[in-house]
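For reference, the structure is listed below as C-alpha cells.
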Amino acid sequence: MNVADVLELLSGLNDDDLDIRLYFTRKRPNGRYLSFSPTIGSRLQIELKNLVTSALAKVSEVEQRPFSPVGTIEGFIETYSPNQVASFNGILESMNEDLVTRTTIDPEEVSKLTFYCLKIHIDNRGDVLFFRRVTKFNKLAKGNGFIGRFAAGDFEKLDDTLLGLDPNIDIVIFGEDMLILNHISLERIFSIQDQYHERATQTLDLVGRAYRIRNFDQFREDCLSDGRITRALTKLLTEEDRIHQVFENFENVIHVIDIFDLNIELVEENTMLVYEDKSQLLDITRLMRDSFYRSLINNREGVDEGV
C-alpha cells in the first residue's frame, strides 16, 4: 500500500453517504485501552474526510521504506504491518461497538486522552484507520491563561478541556498494511517501548547462550535500561543469524577490536569479551550486529550508523 492507493479509496467516496467514526483513546494503568466515540454530524464527517485527504496529498510523492526500530531518516514514509505491533489488537478492541464509551466524557478523562483515530469505511473494501496524537489546550489553564471566543459582541471564556484535530496524520492502517508518517508517533500511540523491551530481552537470551560476554548479567541489565540499545537489539532479533555468525567467527571479532581500537578487553584465551561499564554498550552491540566495515574501493574503515 502507498499513499496514492489511500487517496484513490477516499476519492471514490460519496459525501452524501459517508460512514465515518471518530475515537479518542487513552491507555489505562492496567495496560488496557479505553476509547470514547462521540457522535459526529454529516457536515463534520465531510470536513474530516477532506482533512485527511489534504494531509495525504501533501506526502503523496514521498518515498517509502521499511520501518526500523533504531530510527528513521527524515523525508521518508515508513511501512510496517499492524500485526507486528503488540498493542494494536487491544486498541481495536477498545473501539468495539459493544465496549466503546458514547456518554459524555468527564473533563478529567479529556486530559488523559493521548490519540484519536478516524475510521472511514470503504464499501466492499473495509476500514481505513487514521491515527494522530491529540492536541490539547489545557496548557493555557496551567499558566493561568484561558481560551475565548467572540459571540454576539461578547468575549466568552471557553472550557479549557479542549481537544484539537490538526491537519496532519501520524499513521494510516488499511488491512495488513501500515504507513508511518511520523516515526515517534508509532512509539507513543502504540506504547511500543514495552514491545522493544520484550524483544530486546529475547535477543539477549540468544546472546547469553553464546557465552561470549563476561559479566553478562550486568551487561543485560544495562542494555535493558538504555532506550537506544533496546531498539538496536529489537532490530537484531530480525537478524538472528548475525548473532550466531559473529560469535562463531570470534577471531574476526578480535580483529575488529584491534583495527578500531575498541575499549574492550578479552579473557579466557581470547574467547570472551569483558563487559565493564555502560560506555561499552554501543560498541558491543555494534559488534553483535556486524556494523564495523572496510570499504572495497578505498579500503576505508567505518561504522554502519544504523546502531
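The values are calculated or read from the model by the stated rules, or taken from the named source; none is laboratory data. This is a predicted model, so every value here is computed, not measured. Using ideal geometry, Cβ is built from the backbone for each residue, glycine included, and neighbour counts are taken over all protein chains shown. To get the accessible areas, we keep the full protein, side chains included, count just its heavy atoms, and leave off ligands, DNA and RNA. Shrake-Rupley method; radii C 1.70, N 1.55, O 1.52, S 1.80 Å.
Only one of the listed residues (GLY208, GLY145) is loosely packed, with under 13 Cβ neighbours inside 10 Å and either at pLDDT below 95 or not basic (Lys, Arg) (or both). That residue is GLY145. The residue list GLU276, GLU221 contains one member that is open to solvent by 90 Å² or more (accessible area, probe 1.4 Å) and part of a helix (DSSP H, G or I), which is GLU221.
Of all the listed residues (ILE243, ILE297, ILE254), the sole one being of a type outside the set (S, T, N, Q), in a loop (DSSP other than H, G, I, E, B) and either more than 33 Å from the chain's Cα centre (by Cα) or at pLDDT below 95 (or both) is ILE297.
For every residue, the table says whether it meets (1) over 23 Å from THR25 (Cβ atoms); (2) modelled with pLDDT of 95 or more.
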site: THR53; (1), (2): no, yes
site: ALA57; (1), (2): yes, yes
site: ARG65; (1), (2): yes, no
site: SER68; (1), (2): yes, no
site: GLY71; (1), (2): yes, no
site: GLY75; (1), (2): yes, no
site: ASN83; (1), (2): no, no
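What about LEU44, is it of a type in the set (A, V, I, L, M, F, W, C) and over 23 Å from the mean Cα position of the chain (by Cα)? Yes, satisfied.
If the condition is being at pLDDT 90 or above and in a helix (DSSP H, G or I), then region 88-118 contributes PHE88, ASN89, GLY90, ILE91, LEU92, GLU93, SER94. Does region 261-271 contain any residue that is surrounded by fewer than 16 Cβ atoms within 10 Å (Cβ to Cβ), part of a helix (DSSP H, G or I), out of contact with any Phe, Trp or Tyr (no Cβ under 7 Å at 6 or more places or on another chain) and assigned by the TED database to the domain that holds SER291? Within region 261-271, none of the residues are surrounded by fewer than 16 Cβ atoms within 10 Å (Cβ to Cβ), part of a helix (DSSP H, G or I), out of contact with any Phe, Trp or Tyr (no Cβ under 7 Å at 6 or more places or on another chain) and assigned by the TED database to the domain that holds SER291.
Does LYS235 satisfy being open to solvent by 10 Å² or more (accessible area, probe 1.4 Å), in contact with a helix residue (DSSP H, G or I) (Cβ under 7 Å, 6 or more places away or on another chain) and among the basic types (Lys, Arg)? The answer is no for LYS235.
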